[in-house]
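A short write-up of the structure that comes next.
The values are calculated or read from the model by the stated rules, or taken from the named source; none is laboratory data. This one's a predicted model, so the numbers in the text were calculated from it and none came from an experiment. Counting neighbours? That spans all protein chains shown, and the Cβs are built from the backbone with ideal geometry, glycine included.
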Amino acid sequence: MRTETGQVFHLKDYTPTAFEVERIDLTFELHPTETKVAARSILKRRKGAAADAPLEFDGDELTLDALRIDSIDVPDSDYDVGPDKLTVRNLPASDPFEITIETTLSPETNTQLMGLYRSSGNYCTQCEAEGFRRITYFYDRPDVLTVYTVTIIAPKDVPILLSNGNSLGTGNYDAGRHFAAWYDPHPKPSYLFALVAGDLGVITDTFITMSGREVELRIYVEHGKEERATYAMDALKRSMKWDEDAYGREYDLDIFMVVAVSDFNMGAMENKGLNVFNDKYVLADPETATDQDYANIEAIIAHEYFHNWTGNRITCRDWFQLCLKEGLTVYRDHTFSQDQRSAPVKRIAEIKTLKAHQFPEDSGPLAHPVRPATYKEINNFYTATVYEKGSEVVGMIRTIIGPAKFREGMDLYFGRHDGQAVTIEDYIACFADVSGVALDQFMLWYNQAGTPLVSASTTYDAAAKTLSVSLEQTVQPTPGQANKSPMHIPLAFALIAPDGTVTTPSPDETGHEGGVLELTKRSQTFTFSGIEERPVLSLNRGFSAPVNLQIEQSAGDLAHIARHETDGVARWQAINASATDLLIKASKVARDGGDLPSADDLADILIAATQDDSLEPAFRAQVLQLPSEADIAREIGSNIDPDAIHTARRFAFDAIARKGEALFARLSEDLPDGAYSPAAEDAGKRALAAMALSYVSAAVDTPSRAKAAYDAADNMTMLAAALQILVHQFPDAEETKEALADFENRFGDNPLVMDKWMSIQAMAPGAATSERVIELMDSPHYNAGNPNRVRALIGAFSAGNPTGFNRADGQGYRLLAKVVTETDPKNPQLAARLLTAMRSWRSLESGRQEEARRALVAIQSTEKLSTDVSDIVERTLN
Ligand code: PHE
Ligand code: ZN
């Protein structure tokens, strides 16, 4: 969105509207460049509103064709109108009254993908957060809930006409045109409105709800792609069942529809009864989708479906409360996926994602609280902090009050606030009320940005048989928040005795029962009595709190945890900590000179876990995956030289590969039998085989094994894994060129698959990649107007290739700056999101910092920047 004013919005300024909307009737006459919209709303003065209060509606790039109140044209003197605002005065003294607004839109030329636009010739809408105001003037804010009736009129060659709610019927309209009408009985805010129209294929199914109602399920895709939607349909039915079982939440309309579109700024959108999806998160078959794609589809289908209760039935009072629906819904989709798959493996993936995306955000210039107090552009707050940290905060409530009280609190929330637009305070009050636990200090998790650092040390007193655990917390300053208060941090833990026995006792101090230390002060000591021998502390088990942990623990203690922890996640945490310690040391040596430290002990730990057949393959694959270059950079924190990190990591990787060569050779060929199934068990086997293949390829140092795996692959998971090994480890090999050409040949007409081909190349480490990226931008597979293509190439390069993007001469930064400024006029949301790849620039060594700063300043000095990009660039430079 473009605003000339550079206005800042503040949480503390919330005020309700002067009018309530009793209902709205929308009529669309669809046309590529001249769609007519008539919006008829019934308005009523809010109790307590001034009798002469004007009506102030939002707009964005709109032109007004007609304005009537109770069917009479409003005289010019009674209103002011501009593209982004409509103000009407001298309104009828008695209410309710009816206001009719007519506007004309050009979906064809709407490249922002907000409001009504066209994708592959079909019409679709995106209204969250502020897209409805690009359709008609309205109270485009989440606290104005009303009932929608929608009539869509279109030429007959646009056969499918969809909107929210239940169908009221279809029929002929006039010569050549037909119509469909929809009615959504559930009051909703404008951001949940949706319309889809076009010539689409469909698959259908039904779901019987817990009270025995039959719901019709439909997934719409482009013609010919129907088969590829069957997994999404299966995931939808499992999601509906899970929400009934886990939360007692039943679906509430006669029909639930999902539409896949190929031009979409985000993953998907939870419009009431009519979810719109990026086709990447709907379409899958074994030949074209990886196991990760299947897992993403399952998670996002679930996420959008779960929004029906957490987001739609109970929505946000204002956009500051975004985490109310997003953090909670991410928490729900995480636990769903944990239930559908292996819980520890899924949890490990969540921890990795949180650390890779949210931690750097929280420690850089774009840091903001889970509930921000100000914003210039709300589109820039759909962040890892709001989503992922927001989910962790929900998980901490459950840890603090326990699973039973958590469920009770959720039941109370659904019962108390159904149909309302509420705040985080309303949500938290439900848990405080059911548990009697004071959660005031806990609110800091919503209001205070930054990742807490918890330092821990233990002292064992053999004579007294006591163990004391001393904890200290600090939170670094973040933009706008110089001084931090101590937070309420629930740290799950276990004590592991020398013989390997794992216990979860309670500390002597009053506090949480069994296995959780509640840190609430700046520093605190917990004592355990009756401890016969010095145990090893396994702290922040399962990553119960999203904190950085600094704990004096020897390599031997970490190995002890890795061997004996009964909690799989904690076991992985210990192994990961050992790997991180070594890689940090090695990176510093690679930067400053000297002999690289031996990776022998680490290799032994990894190989021992990999050989352990009692562990599931997916877990072993996670263990084998070394911390990424970005992970190591984040842990180092400052004066980063990405090339040194690459060298160090590669050194350790090769050492592990050589030591475990025979094992990796065997595992690389241990693939599941039978036809491809995306189920977790087979996917885990493939993950382990692919990981082993990458190690054994490094050990033998020839592309032949990867090429053989590429040639033998009968599914996209193994095909893409083999291609990636070829491109990343053997960039100049003939085999690599052959595989790249073969892949292009086979999948050249499938853009979603070619996205993988582009991403793999864009993430190839080394200075040469930026030139390859520039070449690929000219290839027919790239499309600067399609967000998926841009993210697959430019996003993968800038956010997924530390050595390539951070090339010392600054070419990577200049490339990103060019794409950002060229994308901004067409699609500011996409441009702003790409630019966030620069957020950690100040942690680089000084030469790269200077290059990065120049590129940022060049963006900043571009004329007519959107609010989206100027907001990000200003905060990044500050
Ligand atoms: N609300 C969507 C989700 O997380 C995300 C989204 C935001 C989509 C804004 C489009 C625009 O489920
Ligand atoms: Zn969401």
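Output yes when any residue across the stretch 133-141 is touching a strand residue (DSSP E or B) at 6+ places or on another chain (Cβ under 6 Å), at pLDDT 95 or above, in a helix (DSSP H, G or I) and in the same structural domain as GLY6 (by TED's automatic domain parsing), and no when none is. Checking the stretch 133-141: at least one residue is touching a strand residue (DSSP E or B) at 6+ places or on another chain (Cβ under 6 Å), at pLDDT 95 or above, in a helix (DSSP H, G or I) and in the same structural domain as GLY6 (by TED's automatic domain parsing). Any residue in the stretch 47-65 that is more than 23 Å from TRP182 (Cβ to Cβ), surrounded by fewer than 19 Cβ atoms within 10 Å (Cβ to Cβ) and β-branched (Val, Ile, Thr)? Scanning the stretch 47-65, I find at least one residue that is more than 23 Å from TRP182 (Cβ to Cβ), surrounded by fewer than 19 Cβ atoms within 10 Å (Cβ to Cβ) and β-branched (Val, Ile, Thr), so the answer is yes. Scanning the stretch 567-580 for residues that are part of a loop (DSSP other than H, G, I, E, B) and farther than 20 Å from GLY660 by Cα turns up at least one hit. Looking only at the stretch 498-533, residues that are surrounded by fewer than 17 Cβ atoms within 10 Å (Cβ to Cβ) and closer than 13 Å to ASP461 by Cα come to 5 in all. Listed here are the helices (runs of 4 or more DSSP H) enclosed by the stretch 314-387 that have at least 3 residues being away from ligand 1 (no atom under 12 Å from the Cβ) and out of contact with any helix residue (DSSP H, G or I) (no Cβ under 7 Å at 6 or more places or on another chain): 343-353. For the stretch 237-255, taking the residues that are within 23 Å of the chain's Cα centre (by Cα) and of a type outside the set (Asp, Glu), the one that is farthest from ligand 2 (Cβ to nearest atom) is identified as LYS237. Take the residues of the stretch 273-295 that are touching a Phe, Trp or Tyr at 6+ places or on another chain (Cβ under 8 Å) and closer than 24 Å to ASP184 by Cβ: which is farthest from ligand 1 (Cβ to nearest atom)? Result: GLY273. Scan the stretch 443-456 and tell me whether some residue there is farther than 26 Å from LEU549 by Cβ and over 18 Å from the mean Cα position of the chain (by Cα). No, the stretch 443-456 has no match at all. So, LYS237, is that one part of a helix (DSSP H, G or I) and under 24 Å from LEU116 (Cα atoms) or not? When the stated conditions are applied, LYS237 does not pass them.
Here ALA175 does not qualify as assigned by TED's automatic domain parsing to the domain that holds GLU22 and touching a residue at least 40 places away in the same chain (Cβ under 8 Å). For GLN321, the requirement of being away from ligand 2 (no atom under 11 Å from the Cβ), polar (S, T, N, Q), surrounded by 24 or more Cβ atoms within 10 Å (Cβ to Cβ) and assigned by TED's automatic domain parsing to the domain that holds VAL370 is met. Quickly run through the stretch 256-272 and pick out the residues that are more than 16 Å from ligand 2 (Cβ to nearest atom) and either touching a Lys or Arg at 6+ places or on another chain (Cβ under 7 Å) or assigned to a loop (DSSP other than H, G, I, E, B) (or both). MET257, SER262, ASP263, listed by residue number. Filtering the stretch 476-515 to residues that are part of a loop (DSSP other than H, G, I, E, B), under 22 Å from ARG563 (Cα atoms) and polar (S, T, N, Q) leaves THR501, THR504. If you take the residues in the stretch 296-313 that are near ligand 1 (Cβ under 10 Å from one of its atoms) and touching a strand residue (DSSP E or B) at 6+ places or on another chain (Cβ under 7 Å), which one is nearest to HIS417 (Cα to Cα)? Step by step, filter the stretch 296-313, then rank; the result is GLU304. The conditions of being at pLDDT 95 or above, surrounded by fewer than 16 Cβ atoms within 10 Å (Cβ to Cβ) and either closer than 21 Å to LEU539 by Cβ or not acidic (Asp, Glu) (or both) are met by GLY436. Restricting attention to the stretch 609-654, the residues that are surrounded by 22 or more Cβ atoms within 10 Å (Cβ to Cβ) and among the polar types (S, T, N, Q) total 2.
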